[in-house]
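The values are calculated or read from the model by the stated rules, or taken from the named source; none is laboratory data. Treat the numbers as computed from the prediction; the structure is a model and nothing was measured. Neighbour counts run over all protein chains shown; Cβ positions are idealised from the backbone, glycine included. To get the accessible areas, we keep the full protein, side chains included, count just its heavy atoms, and leave off ligands, DNA and RNA. Shrake-Rupley method; radii C 1.70, N 1.55, O 1.52, S 1.80 Å.
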Protein chains: 2
Amino acid sequence: MIVVPLIERKRDGGVLTPEEWSALVAEYTAGRIPDYQIAALLMAVFMRGLERQELAALTDAMLASGDRLSFDGGGFKVPRIDKHSTGGVGDKVSLVLGPLVAACGIAVPMMSGRGLGHTGGTLDKLEAIPGFRTSLSLAEAKAQVQRLGCVLIGQTAEIAPADRKLYALRDVTATVESIPLISASIMSKKLAEGLNGLVLDVKNGSGAFLPEVDRGLELAKTMIALGEDRGCPTVALITAMDRPLGRACGNVLETEEAILALRGEGPPDLLEVTYALGVEMLIQGGIEKNTKKARKKLETSIESGLAAEKFEQIIEAQGGNPVEVYAAPRTGVVQRVEPRTIGRAIIALGGGRRTVEDTIDPTVGFVITAKPGDKVLEGEPIASVFAKDPDGIRTGFEALAQAIVIGDKLTHKPLPLVSHRVTRAGVEKLGV
Amino acid sequence: MIVVPLIERKRDGGVLTPEEWSALVAEYTAGRIPDYQIAALLMAVFMRGLERQELAALTDAMLASGDRLSFDGGGFKVPRIDKHSTGGVGDKVSLVLGPLVAACGIAVPMMSGRGLGHTGGTLDKLEAIPGFRTSLSLAEAKAQVQRLGCVLIGQTAEIAPADRKLYALRDVTATVESIPLISASIMSKKLAEGLNGLVLDVKNGSGAFLPEVDRGLELAKTMIALGEDRGCPTVALITAMDRPLGRACGNVLETEEAILALRGEGPPDLLEVTYALGVEMLIQGGIEKNTKKARKKLETSIESGLAAEKFEQIIEAQGGNPVEVYAAPRTGVVQRVEPRTIGRAIIALGGGRRTVEDTIDPTVGFVITAKPGDKVLEGEPIASVFAKDPDGIRTGFEALAQAIVIGDKLTHKPLPLVSHRVTRAGVEKLGV
């Protein structure tokens, strides 16, 4: 594909056709257009902006680059609504709003991001809950939405890969703060969630990414048009970020404050913003007809404990790392369980250090029930692997296959558990 | 100090005097001998070994380079015994043994290390307990030993700084696996704990640092001589590390298994090694006279729940990061609480990312109860800082002093919490 004339046209204030945007995104995602050409094009977009139909084509192309959550044809009739925030300090609204609205009968397939710059990220707050898994597959996420009404996950590799690639390039080419590019990025991901409605929390004030209210309103209008044109009713609230929201700032502290808020003990400003967004979601989903009734329903859901219980169900459903059981590959006698192989595998799983500066994941590892001398049957469970992801499970299985040697009979007697006692007087052989 | 003749003498199989060792360690620790000279000397020691009085002088010099835990003159009469292990896979003995023996009336000032190479480290296992602090000062550690009978900490900066410097140099000069150098390193730290006795767990087998039993015995004898000569009765057990100890391998998993063991539900091999070491400690401390009675006392301490309770007390005493309250520096009205300053401070405390690859400490942050418009009195608590260490507390206080602006009256009206509602139909001003 010949890209230079397209960059030139955008540079000079012209318009690219939907077909041209579609081809650009597809070819770039496939690695057939170099970064430097797209970098130049992004800078031209930053300066010149995008016409409405260009933005629509760009967003559609980014959305089409990956999979989406689809609830079609499954008989799942619950309205699906999500919220997006432009990000702030102390903003733990998602942790309260997701379970709260789900407890009121809305399905919330919520895909969130990490903190970058001075703002916090919902994923980081969720991962402050020991064992909480944010990296579910689309199939797992869908199943959880259908079962519990809410899932809280990160952007999967399957969703809008074009956005991932474009975002990384924007981040290093000073083309982040462009309203059309921000809008396409957010909406290509949100529209992939298979939503019936979307509420935007656009932050305003010194702590917001776009501190001026006019820019915030422009962003809101741009995203609303994108959503509505694609059949996803979209509404935005402009909320204050000239001071932190709530009292707690920091991941564990914010998660604790969110749990308090779900019990009705949260700070008033946090609850107020959460209720305002929740009201929009209940009305969009057709659960309630007006603000007053919707607000009442949200308050009741908190007072009754249902909202807090919903969060507990979500934590339980997403808690704990993947664990898989390792079965004996053959019948025989365990000859060896080699500790070095296991120790090195823990490091490979992220649970040990290569250098003293390394940080570790304390949750990974092995439970090995087989000991040298044990008789085992083929297929009998003899160990478990605790890992962060399926790759880790594979690594763990390979280590177990190497460390646990099963043969026809014991070839070496295992060492006595306590073999010698040494004192100043000398060495005493024990052989316990 | 002229170092070359000393290196030459050791290189050629000669002996350095105690005064020479003492001067070498003191000058090197003070930065007045370059690394390359000590590197050459360490390699000569690796090849030629050390005479008994040389090793003693080296150990004493390393011990003298720092502070020690001293219980003299305080009227604290409880016998103080510690255990050291040469390290293995699945070796969570320290976590069981410390509380268990403390519950039997022994004081255990236990200083442990991190996992390196294929072996795990007690510190990493302890830090798998949310909020557990392993970096106490010597004064804090001493107070906890006197109050609870056990403290579980890392090597503080105050203890044997010469060892820290020498160990780092050995690690990068292939001079780690030297029995005199290992012995001096271990014993200079252990002797700084102010002990009345020490039990060594020297691992044997393919997963041990020194896999051959002869080398293990040599190491045991060397350390025993060092301890005994310094008035610290020392005994060693040689235990099996040709397979992992217990079933769990990995930090959280091992901590869980240790807690189970303290409730008497641990794997038999783990309990057996723990009991064998515990028996030595009780006898060394004069709590029991023979193996049978000592073993019975340990078993009773587990069955009664006292050992598990002791571990809970230790966790509680060491749990939770430092938190300090920030007071209003003057009387007045809160004019601003600047979110960006707070967001950036969370990153500085280690709770946010500079790049997407950064790992974060989820526990740090702020709770800020003051909001713009609030009237505050000088000295009134208006925020808290949650940090990893006193440096973090200082960083947090500086951020709060900058972010929270207090003046005579409100100069800017805070933004309305929810200021606008934007839909496809247009912008509605709310001003809630």
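Neighbours of A:R133 by Cβ distance under 13 Å: Lys/Arg scored +1, Asp/Glu scored -1, total -4.
In terms of its C-alpha gyration tensor, the protein assembly as shown has a prolate overall shape, because the principal axis ratio a/c (a ≥ b ≥ c, square roots of the eigenvalues) is not below 1.5 and a/b outweighs b/c. Annotation: aspartates and glutamates with alpha-carbon distance below 15 angstrom to B:K375 (same-chain offsets under eight excluded): B:D408.
Dipole magnitude for the protein assembly as shown: about 720 debye, using +1 per Lys or Arg Cβ and -1 per Asp or Glu Cβ, origin at the Cα centre.
In the structure shown, the pairs A:K221/A:K292; A:K203/B:K409; A:K190/A:K221; B:K92/B:K125; A:K221/B:K429 are assessed against 18 Å; a Cα-Cα span above that value is assigned to A:K221/A:K292; A:K203/B:K409. Spatially, the stretch A:313-352 and the stretch B:334-381 are offset by 39 Å when compared through their Cα centroids.
Nonpolar atom fraction for the stretch A:1-88, defined as the carbon and sulfur part of the 1.4 Å probe accessible area, stands at 53 percent. Work from the charge dipole of the protein assembly as shown (Cβ charges, +1 for Lys and Arg, -1 for Asp and Glu, about the Cα centre) and give the residue of B:T369, A:F366, B:P329 farthest towards its positive end. Among B:T369, A:F366, B:P329, the one farthest towards the positive end of the dipole of the protein assembly as shown is B:T369. Taking 16 Å as the straight-line reach from the Cα of B:K189, the lysines in range (excluding those fewer than 8 positions away in the same chain) are B:K83, B:K142, B:K165.
When each of the peptides B:242-250, B:271-279 is scored by the mean number of other C-beta atoms lying within 10 Å of its residues, the order from highest to lowest reads B:242-250, B:271-279. Once the Kirkwood radius over Cα pairs is known for chain B, the Stokes-Einstein relation at 4 °C and 1.567 mPa s delivers a diffusion coefficient of 52 µm²/s. Amide H contacts of B:E288 (H built 1.01 Å from N, in plane; Pro and chain starts excluded): B:I283 sit under 5 Å, all sequence-distant by 5 or more or on other chains. Between A:K409 and B:K429, the simple spin-label model (points 7 angstrom out along Cα→Cβ) gives 9.4 nm.
Evaluated with a Cβ-only charge set (Lys, Arg +1; Asp, Glu -1), the stretch B:1-87 carries a dipole of roughly 280 debye about its Cα centre, given to the nearest 20. A point 7 Å from Cα along Cα→Cβ stands in for A:D72, and the other copies hold the same point at 8.4 nm, listed in rising order. The rotation axis taking chain A to chain B passes closest to the C-beta of one chain A residue; that residue and the distance in whole Å read A:T359, 2. Each peptide among B:118-126, B:225-233, B:52-60 gets the average number of other Cβ atoms lying within 10 Å of its residues, and from highest to lowest they stand as B:118-126, B:52-60, B:225-233. For peptide A:408-421, the mean count of partner chain Cβ atoms within 10 Å of a residue's Cβ comes to 5.
Model label sites at B:T17 and A:D12, defined 7 Å from Cα along the beta-carbon direction, differ in position by 9.1 nm. Pairing chains B and A buries close to 6900 square angstrom of accessible surface in total, based on protein heavy atoms and a 1.4 angstrom probe. Near B:K371, which aspartates and glutamates are there with a Cα under 13 Å away, not counting those fewer than 8 places off in the same chain? Result set, ordered by chain and number: A:D242, A:D269, B:E338.
Averaged per residue, the protein assembly as shown has 41 square angstrom of accessible surface, using a 1.4 angstrom probe with ligands and nucleic acids left out.
Protection proxy ranking, highest mean first, for peptides A:366-374, A:101-109: A:101-109, A:366-374, where packing is the per-residue count of other beta-carbon atoms within 10 Å, averaged.
Inter-copy label distances at B:A26, shortest first and taken from points set 7 Å along Cα to Cβ: 8.0 nm.
Averaged over the residues of B:197-208, the number of partner chain Cβ atoms lying within 10 Å of the residue Cβ comes to 3.
Sorted from closest to farthest, the other copies place their A:R9 label points 8.6 nm away, with each point set 7 Å from Cα along Cα→Cβ. Other residues with beta-carbon under 9 Å from the beta-carbon of B:G278 carry, at +1 per Lys or Arg and -1 per Asp or Glu, a net charge of +2. Legend: mean number of C-beta atoms from other chains within 10 angstrom of residue C-beta atoms, peptide B:331-341, equals 5.
Put the Cα centre of the stretch A:179-197 next to the Cα centre of the stretch B:95-149 and the gap is 50 Å.
Electrostatic tally near A:I406: other residues with Cβ closer than 10 Å to its Cβ, Lys and Arg +1, Asp and Glu -1, net 0.
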